[in-house]
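Beneath this line is the structure, given in structure tokens, with notes to follow.
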Amino acid sequence: MIKEFLLANTQNYHGTVDERFLDLATQFSRFQDARSHQGGAALVVYFQGQKVVDIFTGKKSQDEAWQVDTLAMCYSTGKGILATLAHILVSEGFLDYDEPIVKYWPEFAQNGKEKITLRHVLSHQSGLFDIRNVIDTAAEMLDWSHMLDVMATTTPRFATGQGFAYQPLTYGWILGGVIEKATKQSLSWLMQRYLVQPLKLNGAYFGIPASELGRVARLLEKPKTASQPKPQNKKNSQPRKASLSERLLEFSGQNPQDFQDAMIPKGMRHFSFYSDEGLQAVIPAANGVFTADSLAKVYAMLANQGQWQGQQLIRPEVFKQLSMIQSKARDRVMPIPMHWRLGYHRILTMGKRTPHGFGHVGFNGSGAWCDSDRELSFAYTHNFNVTSATGDYRLWGLSQEALRCADQVLKGRKGWF
């Protein structure tokens with residue numbers, strides 16, 4: 001891995017780069033070069049209100065190269081975009097962080113949920129993290145209205161506000177559901193009206209239209225090798241190595257059952273977020289589809305504390321609330337402290353400190369974030385077949401280098417911390 005990085009082509013990308021961020025583009029190329037046949041990636045950065053990096057590389061599908069407008073399925077990275085929409089609607093007066101959700105969605109009151117507020121959901125204090133025991137098969141997730149009914153009838157695993165537990169899948173139906181109930185509009189209409197149109201985004205969907213499927217990067221099948229015979233039975237097969245997130249979970253002393261109940265519905269073996277039906281379903285916590293530029297531009301608006309090109313999308317008093325850390329404690333599902341804000345977590349880097357920075361990563365190592373101290377925003381998307389609950393080293397390394405390049409401009413030195 002280190003040898004591949006050091007010997008990599010440093011210009012294996014297309015697009016535009018401000019010379020002040022050339023080191024970031026070089027690192028992007030080093031990370032992607034050796035595996036460009038396995039997929040593609042895109043990186044966009046905004047700094048002081050201007051786009052300074054817009055690059056991409058590799059393969060969108062087996063037969064197509066990644067393009068500037070390629071859409072990528074981003075798993076939980078979309079949670080930050082859904083949260084941003086909620087904050088805009090709070091600014092518009094449709095929602096209030098501390099009103100019980102039942103004010104907007106009366107059916108939600110069932111089974112002890114009368115006191116759950118928007119703040120509890122956004123900061124993962126609702127106790128509603130369990131998906132494995134509330135639906136019989138993952139295929140049920142394809143039906144939006146059915147899943148809203150499921151969320152209305154389910155029971156919290158702990159009392160409201162009495163703990164933190166990341167809601168990997170349930171978050172999208174609860175937050176998306178209350179947004180729809182409060183505004184009496186569909187989530188897709190609200191995305192267009194309050195995010196896509198004001199920011200002139202070039203691709204941002206929860207449930208992608210059939211007409212846009214051709215723009216989506218797909219997972220590439222791993223090449224089959226004849227030199228590796230299939231094991232005759234399970235006894236002869238090598239055990240699967242634990243992923244980084246699984247090792248962190250074990251080391252942290254958390255209950256693996258909580259992690260499984262939150263993350264893995266029954267029947268996932270027969271379900272794919274990358275299938276046409278998976279992409280077109282509305283599963284906002286997990287199947288948001290975006291261009292890297294759309295993600296970075298939403299966070300550029302947040303880096304500017306809710307303003308963008310003369311528009312005030314989020315009021316100052318609302319921005320102050322959404323960016324405030326709700327807890328630094330480790331929750332019951334994530335293996336590391338996430339410092340939850342209202343819908344976002346801390347930026348994960350390799351050393352740089354960002355006390356006022358926040359964003360969200362996805363299960364495939366995609367991610368997007370902003371830092372208002374530096375007026376900086378960042379987004380990384382890809383279609384490589386990797387998974388990690390906390391992002392992989394590429395995301396952490398690219399985030400670190402983006403911050404270092406900004407500091408070179410702002411402070412005259414890059415530094416590591």
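The values are calculated or read from the model by the stated rules, or taken from the named source; none is laboratory data. All figures in this text were calculated on a predicted structure; none of them were measured in a lab. With ideal geometry, Cβ positions are generated from the backbone for all residues, glycine too; neighbour counts draw on all protein chains shown.
Data overview
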quantity	calculated
Listing of helices (runs of 4 or more DSSP H) fully contained in region 125-222 that carry 1 or more residues being exposed (fewer than 15 other Cβ atoms within 10 Å of the Cβ)	144-153, 187-191
Filter result for GLN32 (under 18 Å from THR291 (Cβ atoms), in the same structural domain as GLN400 (by the TED database) and crowded, with 19+ Cβ neighbours inside 10 Å)	yes
Test: residue in region 265-288 that is within 24 Å of VAL386 (Cβ to Cβ), of a type in the set (A, V, I, L, M) and in a helix (DSSP H, G or I)	yes
Residues located in region 24-47, provided they are in a loop (DSSP other than H, G, I, E, B) and among the aliphatic types (A, V, I, L, M)	ALA34
Output for region 1-36, where each listed residue is closer than 20 Å to GLN67 by Cβ and free of Cβ contacts under 8 Å to residues at least 24 places away in the same chain	GLN11
Pairs with Cβ under 8 Å, 6+ apart, first in region 358-378 and assigned to a loop (DSSP other than H, G, I, E, B), second surrounded by 24 or more Cβ atoms within 10 Å (Cβ to Cβ) and among the β-branched types (Val, Ile, Thr)	GLY362/THR77; SER366/THR77; SER366/THR381
Test for PHE21: is it part of a helix (DSSP H, G or I), touching a strand residue (DSSP E or B) at 6+ places or on another chain (Cβ under 9 Å) and not small (Gly, Ala, Ser)	yes
Flag if PHE378 is in contact with a helix residue (DSSP H, G or I) (Cβ under 8 Å, 6 or more places away or on another chain), buried (at least 17 other Cβ atoms within 10 Å of the Cβ) and outside the structural domain of SER123 (by the TED database)	yes
Residue match in region 236-248 (condition: at pLDDT below 95, exposed (fewer than 14 other Cβ atoms within 10 Å of the Cβ) and farther than 27 Å from ASP392 by Cα)	yes
For SER372: the one exception among (1) under 25 Å from SER188 (Cβ atoms); (2) modelled with pLDDT of 95 or more; (3) not assigned by the TED database to the domain that holds MET141	(1)
Extreme residue, nearest to LEU342 (Cα to Cα), among residues of region 68-95 that are part of a loop (DSSP other than H, G, I, E, B) and touching a helix residue (DSSP H, G or I) at 6+ places or on another chain (Cβ under 7 Å)	LEU95
Selection from region 358-381 of residues that are farther than 19 Å from ILE88 by Cα and not aliphatic (A, V, I, L, M)	GLY362, PHE363, ASN364, GLY365, SER366, GLY367, ASP373, ARG374, GLU375, PHE378, TYR380, THR381
Meets criteria (in contact (Cβ under 8 Å) with a residue 12 or more places away in the chain and either farther than 30 Å from GLN162 by Cα or not charged (D, E, K, R) (or both)) for PRO337	no
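Residue-by-condition table, conditions (1) within 17 Å of the chain's Cα centre (by Cα); (2) touching a residue at least 24 places away in the same chain (Cβ under 8 Å):
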| site | (1), (2) |
| --- | --- |
| ALA72 | yes, yes |
| LYS103 | no, no |
| ASP136 | no, yes |
| THR155 | no, yes |
| LEU169 | yes, yes |
| LEU175 | yes, yes |
